[in-house]
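Enquirer: Here's a structure for you.
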Amino acid sequence: LIKDLGIQLTMVKAQFKEYRETLQQDMKSNLHDIRKDALMKMVKSGSAPLELKRLTLKMAHTEDTIEDLTVENSELKRALLKVRTMNSVKDMSSKMSFDRKIKTMQTEKTDASRELYQDKAESQKQIELLQSRLQETNASLAAAETERDRLRKE
């Protein structure tokens with residue numbers, strides 16, 4: 001449950017970052033439009049010298065290039081953010097999967113160990129039982145041999 005919440009938190013953070021980046025890009029784009037409109041008003045005004053109009057047009061063109069590059073940069077940032085988010089989610093999912101597998105293996109190991117010790121205890125009891133029977137049999141054999149020897153002598 002906690003790990004699922006961690007994944008959800010990562011996703012929400014990524015969505016917030018994407019929203020913030022989009023909002024910043026929109027603001028930059030709006031500022032660019034305002035700046036471009038101001039430059040165009042300067043060019044269209046009849047009182048500005050020709051050289052100033054030429055430089056202003058060149059500046060407007062440069063601003064357009066900068067805007068295009070900024071938009072492309074923002075799109076790449078968004079794509080990178082999505083890839084990083086997906087990698088984080090994938091890593092968390094893999095970690096959760098491996099944690100489950102490790103927990104399962106530890107449980108299996110504990111069960112196998114318990115079973116092994118039970119088998120060992122049963123084997124030990126059987127060995128003790130067989131040893132006591134062997135001792136009884138040896139004692140009976142010795143008694144029987146003694147009896148046989150005594151009967152032979154008679």
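Rule-based calculations on the coordinates, nothing more; no lab input. This structure is a prediction, so every number in the text was calculated from the model and none was measured. Here the Cβ positions follow ideal geometry from the backbone for every residue, glycine too, while neighbour counts run over all protein chains shown.
Enquirer: Springs between alpha-carbon atoms under 10 Å, Gaussian network over the chain: tell me which of Arg133, Arg100, Arg114 tops the mean-square fluctuations.
Expert: Arg133
Enquirer: Can you tell me what percent of all Cα-Cα pairs in the chain are more than 26 Å apart?
Expert: Working: 8050 of 11781 pairs.
Looking at the chain, the distances longer than 26 Å represent 68 percent of pairs.
Enquirer: Hey, how many Å between the Cα centroid of the stretch 26-51 and the Cα centroid of the stretch 120-154?
Expert: 115
Enquirer: A follow-up question, please. Give me the dipole magnitude in Debye, nearest 20, for the chain about the Cα centre, with unit charges on the beta carbon: positive for Lys and Arg, negative for Asp and Glu.
Expert: Numbers: 30 positive and 26 negative charges, 125 e Å.
Dipole of the chain, to the nearest 20 debye: 600 debye.
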